[in-house]
Amino acid sequence: MTRFGTQGNLGAAALLLASTSLASAGGVERNPQTTAMLFEEGTYVELGYSFVSPDVSGVQIIAAGGASPLGSASGDVAPSYSYSSLAFRSDITDELSFAVIIDEPIGASVDYAGLGLSPGYLYRLGTGSTAELSSSQLTVAARYEMPTGFSVYGGLRAVTFEGQVGLFTGSGGGGAGNYTLDAEASTEIGYMIGAAYERPDIALRVALTYFSETSHDVTATEGTDPLGFRQTSFETSIPQQILLEAQSGVAEGTLVFGSLRWTDWTAFEIAPPDYVAEVSGDRALVDYSKDVLTWTIGGARVLTDQWTVLGSLTYEAEQDVFSGNLGPTDGRTSIGIGARFTEGPWRITGGINYSWIGDAETQAPNPFPAGTQFSEFRDNTAFGFGLRVGYSF
């Protein structure tokens, strides 16, 4: 009999390590979807917090006018950020349970610090360029367990996101100096559905889950300095995902775990109409050319009745296509280590993560021809840490 039965759900601890490496994750993913809370036991509540400090910088490889010469440095464009989560799980009957989860599934923060009148990197001219994307998600889900070891689960997700962009556009947009977008909060309903198989005697669990996309009609205010601002609207969607999670005991007190996540990032596009028509030359503000596969593998070891240690490796392949100037990263390799302390009804899990961010090239903006490389980002990294505090009733 594995001793992990007395240590709680290690899948949630593995998620902690993954969630502190997302400064460079595919698309704008911030807190990865998971089913871990559904597999807790009894009545359980958990509060989570993560902090990530990326270091992302690049160099301009072409001149964009006399004020933006070849070789200009972007500086660090990825500010540190943090996010939190809250989850609750309880039984309804011996076979039926439910969970409520509040988290932040997507997000982005980019800041090209302004240079004023000094020559330099294009997006740093004038007051510079910034972008912020924030979100919240409420998931209500239920799980039904069968005597055979199989279970099925599903639920609804209410997803809200909003964003702001301030972009220097002196090289295009009819001579416009700055483009501004303020996208109002949009909330839509999606769902998740899945099935799992478990063998508690060897701590085996395999779970396959589908998370639907949420389609959003966004109302925004956008415009450029000399041309003025107006209210517009556009459509976008937070993409669908398929998640395969697995864990198994391999020896007394030793567990291995892993996951494979596919995300349909090619379906995600932010293309405000005035930006497309007046600034970019018919290019989206944010879009992605390829979907993303994310692999995670790791292990955990029980040291005592109170202490468990774990480690993980996460990998996303470089896509080898242009990255956006508002998200100049491409792929990542991350390692994480963590520990869990259990005392009575309390469970405290902490972890740190270090990521090597894949090299990226960005495309030059309008009026440069499409396909012109603008900059290259090399040797970038990110450091993160996370903490989860849980209590069983």
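The values are calculated or read from the model by the stated rules, or taken from the named source; none is laboratory data. Note that this is a predicted model, so its numbers are computed, not measured. Cβ atoms come from the backbone with ideal geometry, glycine included; neighbour counts cover every protein chain shown.
Wholly within region 214-301, which strands (runs of 3 or more DSSP E) include no fewer than the required count, namely at least 1 residues that are modelled with pLDDT of 90 or more and within 30 Å of Asp201 (Cα to Cα)?
Hits in region 214-301: 241-251, 254-263.
So Val152 fits all but one of (1) loosely packed, with under 15 Cβ neighbours inside 10 Å; (2) touching a residue at least 24 places away in the same chain (Cβ under 8 Å); (3) within 30 Å of Leu70 (Cα to Cα); what number is the exception?
(3)
Any chance region 325-336 includes a residue that's farther than 24 Å from Ser53 by Cβ, part of a loop (DSSP other than H, G, I, E, B) and in contact with a strand residue (DSSP E or B) (Cβ under 8 Å, 6 or more places away or on another chain)?
Within region 325-336, not a single residue is farther than 24 Å from Ser53 by Cβ, part of a loop (DSSP other than H, G, I, E, B) and in contact with a strand residue (DSSP E or B) (Cβ under 8 Å, 6 or more places away or on another chain).
Got a number for residues in region 62-87 being hydrophobic (A, V, I, L, M, F, W, C), in a strand (DSSP E or B) and crowded, with 17+ Cβ neighbours inside 10 Å?
Residues meeting the conditions: 1.
Quick one: in region 104-137, which of the residues that are in contact with a Lys or Arg (Cβ under 7 Å, 6 or more places away or on another chain) and outside any loop (DSSP other than H, G, I, E, B) is farthest from Pro54 (Cα to Cα)?
Gln137
(1) modelled with pLDDT of 95 or more; (2) small (Gly, Ala, Ser); (3) over 22 Å from Gly166 (Cα atoms): which one isn't true of Ala18, the others all being true?
(1)
Where the second residue is assigned to a helix (DSSP H, G or I) and the first is farther than 12 Å from Glu213 by Cα and lies in region 189-202, which pairs have Cβ atoms under 7 Å and are six or more apart or on separate chains?
Note: pairs meeting the criteria are Pro200/Gly5.
Looking at region 275-316, which of its residues are among the hydrophobic types (A, V, I, L, M, F, W, C), out of contact with any strand residue (DSSP E or B) (no Cβ under 7 Å at 6 or more places or on another chain) and either surrounded by 15 or more Cβ atoms within 10 Å (Cβ to Cβ) or touching a residue at least 60 places away in the same chain (Cβ under 8 Å) (or both)? Show your work before the answer.
Let us first name the residues in region 275-316 that are among the hydrophobic types (A, V, I, L, M, F, W, C), namely 276-277, 279, 284-286, 292-293, 295, 297, 300, 302-303, 307, 309-310, 313.
Now restrict to residues that are out of contact with any strand residue (DSSP E or B) (no Cβ under 7 Å at 6 or more places or on another chain): 276-277.
Selection gives Val276 alone.
Name the single residue, out of those in region 104-129 being without any contact (Cβ under 8 Å) to a residue 60 or more places away in the chain and of a type in the set (A, V, I, L, M), that is surrounded by the most Cβ atoms within 10 Å (Cβ to Cβ).
So, considering only residues that are without any contact (Cβ under 8 Å) to a residue 60 or more places away in the chain and of a type in the set (A, V, I, L, M), the one surrounded by the most Cβ atoms within 10 Å (Cβ to Cβ) is Leu125.
Mind checking whether some residue in region 48-70 is under 26 Å from Phe368 (Cα atoms), out of contact with any helix residue (DSSP H, G or I) (no Cβ under 7 Å at 6 or more places or on another chain) and among the polar types (S, T, N, Q)?
Looking through region 48-70, at least one residue is under 26 Å from Phe368 (Cα atoms), out of contact with any helix residue (DSSP H, G or I) (no Cβ under 7 Å at 6 or more places or on another chain) and among the polar types (S, T, N, Q).
If Thr209 satisfies all but one of (1) in a loop (DSSP other than H, G, I, E, B); (2) of a type in the set (Ser, Thr, Tyr); (3) surrounded by 15 or more Cβ atoms within 10 Å (Cβ to Cβ), what's the number of the condition it fails?
Among (1) in a loop (DSSP other than H, G, I, E, B); (2) of a type in the set (Ser, Thr, Tyr); (3) surrounded by 15 or more Cβ atoms within 10 Å (Cβ to Cβ), the lone unmet condition for Thr209 is (1).
Output the residues belonging to region 364-384 that are in a strand (DSSP E or B) and either surrounded by fewer than 18 Cβ atoms within 10 Å (Cβ to Cβ) or without any contact (Cβ under 8 Å) to a residue 40 or more places away in the chain (or both). Quick ask: steps written out before the conclusion?
If we filter region 364-384 for residues that are in a strand (DSSP E or B), which is where we start, we get 373-377, 380-384.
Gln373, Glu376, Thr381, Phe383 - these are the residues of region 364-384 that are in a strand (DSSP E or B) and either surrounded by fewer than 18 Cβ atoms within 10 Å (Cβ to Cβ) or without any contact (Cβ under 8 Å) to a residue 40 or more places away in the chain (or both).
I need the full set of residues from region 234-267 which are touching a residue at least 40 places away in the same chain (Cβ under 8 Å), within 24 Å of Tyr179 (Cβ to Cβ) and surrounded by 22 or more Cβ atoms within 10 Å (Cβ to Cβ), in order please.
Listed by number, the list holds a single entry, Ile238.
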